[in-house]
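Each remark here refers to the structure printed beneath this line.
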Amino acid sequence: MTSRQRLNAALGCRNEGRPPVWIMRQAGRYLPEYRALKQRHGFLEMVKTPELAVEVSLQPLKRFELDAAIVFSDILVIPEAMGQPYHFRDKGGIQMEYALESEACLDKLDSGCAADRLSYVGDALKLLRSELGDSRGLLGFCGSPWTLACYMIDGGSAPGFPKTRSLASGNPVLFAKLMEKLTRELADYVRMQAASGIDALQVFDSWHGLCPPDKVRDWSLRWIDEVIEAVSGEVPVILYAKTPKDRVNLLAGCKAQGISLDHECDLREARETFPQPFALQGNLDPALMETSPTQVEETARNLLLSMNGDPGHVLNLGHGIRPQGKIECVQALVETARSFRSEDS
Ligand code: CP3
């Protein structure tokens, strides 16, 4: 079976032997070849130049035997395309050029043009598809409406995103107006990605856990479902929702074909909420990549054993690799997954 077939099989749950492996935020500062390119080009310049985006997307695959490439981009290209640019703060985190503070701000956001303005992502995907051929999977992605709204309303990274939560609870009409506008742009954007050759789409709801339990559907899931609907029948969707362990059940009923969870959650417990053929992705602690190859091998093997050959398991980290992640640890993770056979258990 090729890597691409293995990934597709996991998402349709007809996988055999070993789980596919790909790693969230595969590219980045832990790789010297990424840092070298970053010396010459800005982050957004790399994202917006298809040849450079392809080069960065393929860097991890040149080093490691991963089953899929994820296009090098960012979730915040959507607000940027709608007229709300951003940059990285010197000390880490996101700074939007302004915060959405009023209805007038919201009305000024452009609509109906995100897919056009983001054609560079489509171009990178088409180039990647032809580079990868049929042997390895290709993943596209976007941010969830809720998680994008967090950055847009608070004006950048902010602990707990208080302005966003207070707008969502204090002015639900205005909040819904923003969510509708964002969801429409995202729907066009993911349709464009589907037409550009992806095998699966991942939706990142990184700030899902900030929604109060009784608001999870209104603030986040109903809008995600609309984005998923836009590509329904074309590509499977994996929802990454960072949420407290005891709230995984609140994700039940979402329209995704797979769910990706961080290391705080228990994948076997999640199986009870999400029976086959739902795919389960995760969920090693990214800090593991800062330990030693022996520790990586032991921890990854234990996770694989505990999943007991589950054909819908996609082995992954629960979050992105940090700059201090060690290459030999990533290598050990990939080797452990590739040599694992379910009968080992
Ligand atoms: O896995 C991959 O290689 C795909 C690329 C990818 C990036 N961002 C590239 C990136 C993906 C899937 C993302 C998603 C993303 N971006 C999310 C959702 C996942 C998550 O992390 O919860 C979010 C919230 C963002 C927004 C964003 N972009 C943040 C918060 C940061 C870190 C800023 C900081 O504090 O330094 C980024 C930067 C970013 N996106 C990097 C990469 C490789 C690091 C860029 C660099 O420093 O060179």
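The values are calculated or read from the model by the stated rules, or taken from the named source; none is laboratory data. Every value quoted in this text rests on a predicted model; they were computed, and no experiment measured them. Cβ: placed from backbone, ideal geometry, glycine included. Neighbour counts: every protein chain shown. Each accessible area value is taken on the protein alone, full model and side chains, heavy atoms only, with ligands, DNA and RNA left out. Shrake-Rupley method; radii C 1.70, N 1.55, O 1.52, S 1.80 Å.
Tabulated values for the structure
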read-out: Tabulated pairs, the stretch 25-41, first closer than 12 Å to GLY320 by Cβ, second more than 11 Å from the ligand (Cβ to nearest atom), C-beta under 6 angstrom, 6+ apart or interchain; value: TYR30/GLY325
read-out: Filter pass, GLY197 being at pLDDT below 95, within 21 Å of LEU125 (Cβ to Cβ) and either among the basic types (Lys, Arg) or in a loop (DSSP other than H, G, I, E, B) (or both); value: no
read-out: Total residues in the stretch 64-109, condition touching a residue at least 60 places away in the same chain (Cβ under 8 Å), touching a Leu at 6+ places or on another chain (Cβ under 9 Å) and within 13 Å of the ligand (Cβ to nearest atom); value: 13
read-out: Criterion violated by GLY233 - all others in (1) touching a residue at least 24 places away in the same chain (Cβ under 8 Å); (2) surrounded by fewer than 20 Cβ atoms within 10 Å (Cβ to Cβ) satisfied; value: (1)
read-out: Restricting the stretch 250-261 to residues that are at pLDDT 95 or above and of a type outside the set (A, V, I, L, M, F, W, C), the residue that is surrounded by the most Cβ atoms within 10 Å (Cβ to Cβ); value: SER260
read-out: Lone unmet requirement of (1) of a type outside the set (Gly, Ala, Ser); (2) within 16 Å of the ligand (Cβ to nearest atom); (3) in a helix (DSSP H, G or I); (4) open to solvent by 30 Å² or more (accessible area, probe 1.4 Å) for PRO159; value: (3)
read-out: Search result, residues across the stretch 16-35 that are in a loop (DSSP other than H, G, I, E, B) and either open to solvent by 20 Å² or more (accessible area, probe 1.4 Å) or more than 13 Å from ASP67 (Cβ to Cβ) (or both); value: GLU16, GLY17, MET24, ARG25, ALA27, GLY28, ARG29, TYR30, LEU31
read-out: Residue check, LEU11 of a type outside the set (Phe, Trp, Tyr) and modelled with pLDDT of 95 or more; value: no
read-out: Filter result for the condition that a residue is open to solvent by 20 Å² or more (accessible area, probe 1.4 Å) and touching a Cys at 6+ places or on another chain (Cβ under 9 Å), over ARG184, ARG165; value: ARG165
read-out: Close pairs from the stretch 200-215: first closer than 24 Å to VAL21 by Cα, partner of a type in the set (A, V, I, L, M) and open to solvent by 10 Å² or more (accessible area, probe 1.4 Å), Cβ under 6 Å, at least 6 apart; value: ALA200/LEU11; ALA200/VAL235; LEU201/VAL235; PHE204/ILE75
read-out: Residue in the stretch 57-64 that is under 30 Å from GLN5 (Cα atoms), within 21 Å of the chain's Cα centre (by Cα) and among the aliphatic types (A, V, I, L, M) present; value: yes
read-out: SER57 vs. criteria hydroxyl-bearing (Ser, Thr, Tyr), touching a residue at least 12 places away in the same chain (Cβ under 8 Å), within 30 Å of PRO20 (Cβ to Cβ) and within 12 Å of the ligand (Cβ to nearest atom); value: yes
read-out: Elements of type strands (runs of 3 or more DSSP E) contained in the stretch 36-145, each with 2 or more residues being open to solvent by less than 30 Å² (accessible area, probe 1.4 Å) and in contact with a Pro (Cβ under 8 Å, 6 or more places away or on another chain); value: 68-70
read-out: Lone unmet requirement of (1) in a loop (DSSP other than H, G, I, E, B); (2) more than 21 Å from SER196 (Cα to Cα) for ALA10; value: (1)
read-out: Near pairs, Cβ below 6 angstrom, 6+ apart or cross-chain, from the stretch 112-126 (in contact (Cβ under 8 Å) with a residue 40 or more places away in the chain) to any residue that is in a helix (DSSP H, G or I) and open to solvent by 60 Å² or more (accessible area, probe 1.4 Å); value: TYR120/LYS48
read-out: Test: residue in the stretch 306-322 that is more than 30 Å from LYS255 (Cα to Cα) and open to solvent by 50 Å² or more (accessible area, probe 1.4 Å); value: yes
